[in-house]
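The values are calculated or read from the model by the stated rules, or taken from the named source; none is laboratory data. As the structure is a prediction and not an experimental result, all values here were calculated from the model. Cβ sites come from the backbone with ideal geometry, for glycine too, and all protein chains shown count toward neighbours. Ligands, DNA and RNA are stripped out before the accessible areas are found, and what is left, the full protein with its side chains, is counted by its heavy atoms. Shrake-Rupley method; radii C 1.70, N 1.55, O 1.52, S 1.80 Å.
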Amino acid sequence: MVKTYKCPGCGADMKYDAEAKKLSCEYCETSLTVDEAKALEETKQQEADDKDSEEVVDETNEADSYGEAGDFIKYKCATCGAELMTDEHTAATFCNYCGSPNLLSERIEGEKTPAMLIPFKITKEKAKEIYYTWCKKGALTPGEFFSQSTLEKMSAIYVPFWLYDYGANVKMRAHCTRVRSEVRGNYRYTHTSHYRVLRDVSAEYLKIPADASQKMPDDVMDKLEPFNYGEMTAFEMPYLSGYMAEKYNFTSEEMAKRVEARVAGYISQEGRSTINGYSTVAVTAKNVWLAKRRASYVMLPVWMLTYRYKGKEHIFAINGQTGKLVGKRPISAGKCLGWYFGMLGVFTLISSLVGVFVL
Amino acid sequence: MRKIKYILLLIIVMQAIVMSPVLAAKVHYEEGKRVYDYADLLTNSEEERLEEYALSIEDEAETEFYILTTDDAEGKSAMEFADDFGDEGNFGYGSSENYVLMLIDMDNREVWISTTGDAIDYLTDSRIDDMLDEIMEYVPDDCYKAGETYLDEAYDYICYGEDDGDTVFGIVLMCLFGSAVVSGIVLLVMVSGAKTKMTVGSATYMGAGGITINQREDIYTHTTTTKHRIESSSSGGGGSSTHRSSSGRRHGGGGRKF
């Protein structure tokens with residue numbers, strides 16, 4: 001079932017506006033809240049179902065998504081009727097022909113419906129600005145990375161995440177020493193007191209995120225944290241209008257290992273931090289116990305830009321809520337040389353002048 | 001009682017008058033005299049030329065330069081003789097005690113260069129060694145040349161400052177080398193600074209309850225003791241070694257036998 005939200009005023013496509021926090025029509029300036037849009041869509045659906053329930057039901061299903069070719073799925077644009085292909089994990093995208101938002105609702109319905117979502121707060125203009133200033137700060141970044149055409153390639157994606165709650169406990173055994181020394185005559189006496197230290201520490205960890213999409217690099221997604229969960233709302237389809245969205249590739253069980261490694265690291269760190277006041281601490285035994293309390297499926301907003309430079313792929317991501325940017329600025333060899341010799345010249349000149357005149 | 005006081009005073013004055021020729025016979029200190037050639041190793045005109053040279057450089061160096069020769073060290077070592085001579089003459093530029101003295105001691109057959117005040121820091125051990133290398137080429141056959149070399153070198157070192165003598169080209173070269181290293185480090189920082197770091201940690205996701213410590217035991221088991229002999233610290237290389245002369249003044253210097 002392919003969905004688009006049409007303006008009740010003029011019939012154009014409506015998109016979610018991150019600033020107004022509403023769905024808006026760019027032509028007649030009509031705006032609807034997420035709930036209104038959802039209600040409107042439901043009535044329309046009801047009417048359509050009433051009208052041709054008997055004849056078309058099977059056909060619509062077939063027409064909307066028929067045939068699977070490998071990992072790709074064909075579907076029909078709800079606005080212009082063009083036949084399109086997407087990979088099986090895409091949940092929201094745009095029609096290649098008419099550009100209207102296409103929401104592939106069955107991909108995220110039923111058990112695959114996210115429980116919660118954080119709506120985009122960073123608009124495209126803001127995202128471009130953040131990226132541009134960041135690139136500018138890197139004196140060695142090649143110029144083409146912050147050209148307008150590169151900035152236009154930025155896309156807004158709702159990335160599927162699992163949020164995990166864990167109970168964690170660590171039992172630690174450590175051999176610690178305190179060292180005291182004194183001087184008597186020509187000798188220095190070093191007294192080392194030895195201690196056997198035991199700790200049993202537990203803590204609860206809430207909403208640790210792990211991205212569930214195969215396409216998104218894990219390390220980049222981890223660095224986008226933290227998200228402000230206070231702004232998380234219940235998931236509604238209209239939020240996705242005008243954005244790309246992915247459905248999860250990995251189940252919560254599959255992603256648990258990554259998160260467990262993180263939690264184990266955290267609780268060990270906490271346990272270790274309770275051992276203090278010693279000259280040396282050597283942890284001799286450590287036992288971590290974790291209990292998964294809950295995992296919930298949410299969608300988090302991310303601005304992405306992938307750029308190929310000299311055969312290497314560079315990925316930049318901006319937290320769509322906080323604006324935090326993750327990425328590694330590429331280095332231009334030409335700029336490196338320029339800076340090196342520039343600095344060499346300036347430093348040599350200044351230090352020589354100082355050297356000759358002062359000495 | 002009063003008479004006795006006068007007599008005592010008279011005796012002291014008389015004593016001083018009688019003793020003075022004895023002292024004077026030994027050392028003829030003279031204001032503005034820089035060359036004391038008791039061993040007569042220099043001709044009169046050579047003495048005058050060295051005298052003039054020594055006086056001409058002392059204002060710029062803010063240091064006095066002395067040349068002393070002797071064929072009777074009075075049983076002292078060359079170092080003691082040189083130090084005592086300067087101390088007794090109360091040498092030193094202006095109100096400072098900056099002076100350098102070269103002694104050609106024919107008795108001990110040794111050349112000694114004695115330094116005091118700031119000159120100690122300018123004429124480091126290794127520099128005195130270099131000076132002696134050159135001076136010893138002329139001692140004892142051409143003491144005039146030795147004196148001239150000594151004045152040349154001492155003046156150069158003192159007026160050049162505490163750093164090693166270098167030409168402008170040398171300084172630029174050194175700056176170039178230093179700048180190459182610094183630029184490299186700055187560039188490395190620029191290159192490595194382009195990466196985003198992980199900013200969340202244990203505290204970010206910890207529940208409101210924080211950590212609970214279920215068990216906390218710190219059990220003392222035993223104490224071990226080791227002992228080490230305290231080594232006296234040895235001084236680092238470079239710089240000037242100093243000693244105290246019999247008058248208690250601090251001197252630097254160095255010498256070489258011939």
Loop chymotrypsin sites (Phe, Trp or Tyr not before Pro), the range A:89-147 (other Cβ atoms within 10 Å of the site Cβ: 12 or fewer; DSSP):
none
Quick one: which of B:148-159, A:336-347 comes out on top by average Cβ neighbours within 10 Å, and what's the full order, highest first?
B:148-159, A:336-347
Report the Cα centroid-to-centroid distance between the range B:189-226 and the range B:36-64 in angstrom, as an integer.
73
To one decimal place, what orientation-averaged projected area in nm² is obtained for the convex hull of the Cα set of the range B:44-136?
6.2
Spatial separation of Cα centroids for the range A:134-204 and the range B:136-151, in angstrom:
69
Partner chain Cβ atoms within 10 Å, averaged over the residues of B:177-184 - can you pull that number for me?
5
Checking the range A:133-209 for trypsin sites (Lys or Arg not before Pro) in a loop per DSSP with at most 14 other beta-carbon atoms within 10 Å yields A:Lys153
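Pairs A:Lys74/A:Lys257; A:Lys15/A:Lys310; A:Lys247/B:Lys197; A:Lys38/A:Lys207: which exceed 32 Å Cα-Cα? Walk me through the numbers before you get to the answer.
Working: A:Lys74/A:Lys257 34 Å; A:Lys15/A:Lys310 36 Å; A:Lys247/B:Lys197 27 Å; A:Lys38/A:Lys207 28 Å.
Flagged as over cut-off: A:Lys74/A:Lys257; A:Lys15/A:Lys310.
Please work out the FRET efficiency for the pair A:Glu236 and B:His222, using the Cβ-Cβ distance as r and a Förster radius of 51 Å; give the result to the nearest 0.05.
On the way: r = 67 Å, r/R0 = 1.31.
After rounding, the FRET efficiency stands at 0.15.
Over the whole of A:190-201, what's the average partner chain Cβ count within 10 Å per residue? Rounded to a whole number, please.
Numbers: counts 5, 4, 5, 5, 6, 6, 5, 4, 5, 6, 6, 6.
Per residue, the average neighbour count from other chains is 5.
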Global form of the range A:136-328, assessed from the alpha-carbon gyration tensor, a/c cut-off 1.5
oblate
Between A:Asn96 and A:Phe357, how many nm apart are label points set 7 Å from Cα along the C-beta direction?
6.7
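Once neighbouring chains are kept in place and the probe is 1.4 Å, which whole percent of the accessible area of the protein assembly as shown is contributed by carbon and sulfur? Show your work: numbers first, answer last.
Working: 17570 of 32790 Å².
In the protein assembly as shown, the share of accessible area belonging to carbon and sulfur is 54 percent.
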With unit charges on the beta carbons (Lys and Arg positive, Asp and Glu negative) and the dipole taken about the Cα centre of chain A, which residue among A:Ser352, A:His175, A:Leu305 sits farthest to the positive side?
A:Ser352
Solvent-accessible ranking of A:Lys3, A:Lys312, largest area first, probe 1.4 Å:
A:Lys312, A:Lys3
Could you tell me how many degrees, from 0 to 90 and to the nearest 10, lie between the Cα long axis of helix A:252-273 and the main elongation axis, the longest principal axis, of the Cα atoms of chain A?
30
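If you take each beta carbon of peptide B:207-215 and count the beta carbons of other chains within 10 angstrom, what is the mean? Numbers along the way, then the final one.
Values: counts 8, 2, 3, 3, 11, 6, 7, 6, 6.
Rounded to a whole number, the mean comes out at 6.
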Please express the Cα-Cα pair-distance distribution P(r) of the protein assembly as shown as a list of whole percents, one per 10 Å bin, running from 0 to the bin with the greatest distance.
3, 11, 13, 11, 11, 10, 9, 9, 8, 6, 5, 3, 1, 0, 0, 0
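Just to confirm the filter: which GluC sites (Glu not before Pro) across the range B:36-93 are DSSP coil and have at most 12 other Cβ within 10 angstrom of their Cβ?
Listed in order of number, the matching sites are B:Glu74.
Let's see if you can work this out: charge +1 on each Lys and Arg Cβ, -1 on each Asp and Glu Cβ, no other charges. What is the dipole magnitude of the range A:136-328 about its Cα centre, in debye to the nearest 20?
Details: 28 positive and 19 negative charges, 234 e Å.
So the dipole magnitude of the range A:136-328 works out to roughly 1120 debye.
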Is chain A rounded, prolate or oblate when judged by the Cα gyration tensor, a ≥ b ≥ c being the square roots of its eigenvalues, rounded requiring a/c under 1.5 and prolate requiring a/b larger than b/c?
oblate
What distance in nm lies between label points placed 7 Å from Cα along the C-beta direction at A:Lys310 and A:Ala115?
4.7
Starting from 0.36 nm per residue, how many nanometres of slack lie between A:Val281 and A:Tyr189 once their C-alpha separation is accounted for?
31.0 nm
Would you calculate, for the protein assembly as shown, the mean residue ellipticity at 222 nm contributed by helices, counting each DSSP H stretch of 4 or more residues as -39,500 (n - 2.57) and dividing by all residues, to the nearest 500?
-12000 deg cm²/dmol
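Only bridges whose two residues both fall in the protein assembly as shown count here: according to DSSP, what percent of them are antiparallel, nearest 5?
90
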How big is the charge dipole of chain A about its Cα centre, in debye rounded to the nearest 20, if each Lys and Arg gets +1 on its Cβ and each Asp and Glu gets -1 on its Cβ?
3680
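Step by step: find N for the range A:153-210, compute 2.2 N^0.38 Å, then divide the Cα radius of gyration by it. What's the final number?
Details: Rg = 24.9 Å, N = 58, 2.2 N^0.38 = 10.3 Å.
Here the answer is 2.42, to two decimals.
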Order B:Met198, B:Met102 by their accessible area, 1.4 angstrom probe, all chains in place, largest first.
B:Met198, B:Met102
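For B:Asp59 and B:Val189, what is the calculated FRET efficiency with R₀ set at 60 Å and r taken between the beta-carbons, to the nearest 0.05?
Values: r = 49 Å, r/R0 = 0.81.
FRET efficiency, B:Asp59 to B:Val189: 0.80.
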Taking the Cα centre of the protein assembly as shown as the origin and placing charges on Cβ (Lys, Arg +1; Asp, Glu -1), which of B:Tyr53, A:Thr280, A:Gly327 is farthest toward the positive end of the dipole?
A:Thr280
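Under the classification rounded if a/c is under 1.5, otherwise prolate if a/b is larger than b/c and oblate if not, where does the range A:220-359 fall, given a ≥ b ≥ c as square roots of the Cα gyration tensor eigenvalues?
oblate
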Solvent-accessible area buried by A and B, counting both chains, probe 1.4 angstrom, square angstrom:
4900
How much FRET efficiency would the formula 1/(1 + (r/R0)^6) give for A:Asp87 and A:Ser155, where r is the Cβ-Cβ distance and R0 is 22 Å, rounded to 0.05?
0.90
